[in-house]
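Structure first, commentary second.
The values are calculated or read from the model by the stated rules, or taken from the named source; none is laboratory data. All values reported here derive from a predicted model rather than from experimental measurement. FYI the Cβ positions are ideal-geometry reconstructions off the backbone, even for glycines, and counts take in every protein chain you see. In case anyone asks, the SASA skips ligands and DNA or RNA and just uses the protein heavy atoms, side chains included. Shrake-Rupley method; radii C 1.70, N 1.55, O 1.52, S 1.80 Å.
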Amino acid sequence: MKRISEAEMGGKQAETSNPRDRGSSIWCLLVLVIGALVVTAAALTILKYLHFSKNNEAHPINKKYADALELALQFFDVQKSGKLVDNRIPWRGDSGLQDGSEENLDLSKGMYDAGDAIKFGFPMAFTATVLSWSILEYGDQMNAVKQLGYAYNSLRWITDYLINSHPSENVLYFQVGDPGLDHKCWERPETMTERRPVTQVNTSFPGTEVAAETAAALASASLVFKENDPDYSSSLLTHARQLFTFADTYRASYSISIPQVQGFYNSTGYGDELLWAASWLYHATRDDSYLRYVTDLNGQRFANMEITTWFSWDDKLAGTQVLLSRIIFFGAKDIPTVENLDLQMYRKTAELVMCGLLPDSPTATSRRTDGGLIWITEWNPLQHAVASAFLAVLYSNYMLTSQTETLYCSGNSYKPDDLRNFAISQ
């Protein structure tokens, strides 16, 4: 698959109080969500000199990163639920085949959170969004080492599940299994016998963040499949639009609507997911209403302009800032002035994020280990380091591709390679 064009990708152009309660799911998070980020981290450095060239043969392949990419994508195969097809993990077999049957749904696919056998829709959808972004930006590099097909397969394994989890416009099933029961019994998913209840959000018990994140996943995936499976892409986009409308119309945190989720993937708010989803829908549809949503309609309310945050399954703001900066990098001449000014603010905030990551910047974050690893929390600590690397290398490549030579941080100047070196250091 050729890398998606700037026009297709760029619109008109181109915690809970007791961390011990979260421990079992938190370390599990590292498997699925960080797996998606590692895919990109490996792909971005497969080629020693990355300038979005179509001529992959002109660049030597870095075997260590190619091997890392292959292992990261095998990791997704390890996590698969359902009737396995072309299974390349010999110790994995079919499992979860009856998931969703009590509601007459086929929720057998999707991926387990990790060493457990729960399907948590909120982080799983985020995994799909990041994996889609990785394929869109670095599909050529994945293809160069014969891993792109595996990335497609893993993404579709999740999106098939997400589509089936959305049986009607205002209903979304976001969890399969009972975490309390599951985490008390260490077993292979192939042999589990306990009941597998399903949990939903709806108009009576809304869940804006999980519905919006699922919309983002399906919208971004619609771009991935647009060229080689247009019918599937169209179906993904239909579900994404409906889920975004549901999320925005019935605004409430799923952690409040359904308190039992607080012990596992507790949400700290839904504004970031609404902006994240609308940003992906704009890229996927070129519908100006989604651009207005993230700019003059809701930018000031939800975006926290000029305040930096850490990109994670719970906070999508930094990712949204980088994603919307893409529009500015690759031309926004046809975008109305009001929206353009707000997009410039998103880019300015993205620059502040980048300046905070660069270790020699005057505004560098002090939240690092002595060795330089980004360190935000002792629970699932690697997610922030890898997510920061992910955004840094994306921003570096946007600078290279748009021939933007310099990033200024409080008077100091930095090059794309500085961001890339930071990413590799993590």
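Hey, got the dipole for segment 317-425? About the Cα centre, +1 on K and R Cβ, -1 on D and E Cβ, debye to the nearest 20?
60
Let me cross-check Trp375: its accessible surface, 1.4 Å probe, with only protein heavy atoms counted, in Å² to the nearest 10?
110
Report, in whole Å, the centroid distance computed from the Cα atoms of segment 268-339 and segment 135-167.
23
Ranked from highest to lowest mean number of other Cβ atoms within 10 Å per residue, what is the order of the peptides 359-365, 70-76, 235-241, 324-330?
Per-residue Cβ counts within 10 Å, averaged per peptide and sorted highest first, yield 324-330, 235-241, 70-76, 359-365.
With every protein chain kept in place and ligands, DNA and RNA left out, what is the accessible area per residue of the chain? Probe 1.4 Å, answer in Å².
Ligands and nucleic acids excluded, the result is 39 Å² per residue.
Taking all protein chains in place and a 1.4 Å probe, what share, in percent, of the accessible surface of the chain do carbon and sulfur account for?
Carbon and sulfur: 50 percent of the exposed surface of the chain.
Considering the dipole of the chain built from charges on the beta carbon (Lys and Arg +1, Asp and Glu -1) around the Cα centre, which of Ser165, Leu391, Gly100 is farthest to its positive end?
The Cα lying farthest towards the positive end belongs to Leu391.
As a check on your grasp of the helix formula, calculate [θ] at 222 nm for the chain: sum -39500 (n - 2.57) over DSSP H runs of n ≥ 4, divide by the residue count, round to the nearest 500.
For the chain, the value works out to -16500 deg cm²/dmol.
Does a label point 7 Å from the Cα of Asp417, set along Cα-to-beta-carbon, have any residues of segment 380-403 with amide nitrogen under 19 Å, and which are they?
It comes to 392-403, nothing else.
Take Thr308, Thr129 and sort them by solvent-accessible surface of the protein heavy atoms, 1.4 Å probe, largest at the top.
Sorted descending by solvent-accessible area, the residues read Thr308, Thr129.
Using a Cα-Cα cut-off of under 20 Å, which aspartates and glutamates could be cross-linked to Lys333, ignoring same-chain neighbours fewer than 8 residues away?
Glu6, Glu8, Asp287, Asp288, Asp296, Asp342
Reachable aspartates and glutamates from Lys64, Cα under 19 Å, same-chain residues fewer than 8 places away excluded?
Asp140
What shape does segment 235-315 have by the C-alpha gyration tensor, where a ≥ b ≥ c are the square roots of the eigenvalues, rounded means a/c under 1.5, and otherwise prolate means a/b greater than b/c and oblate the rest?
oblate
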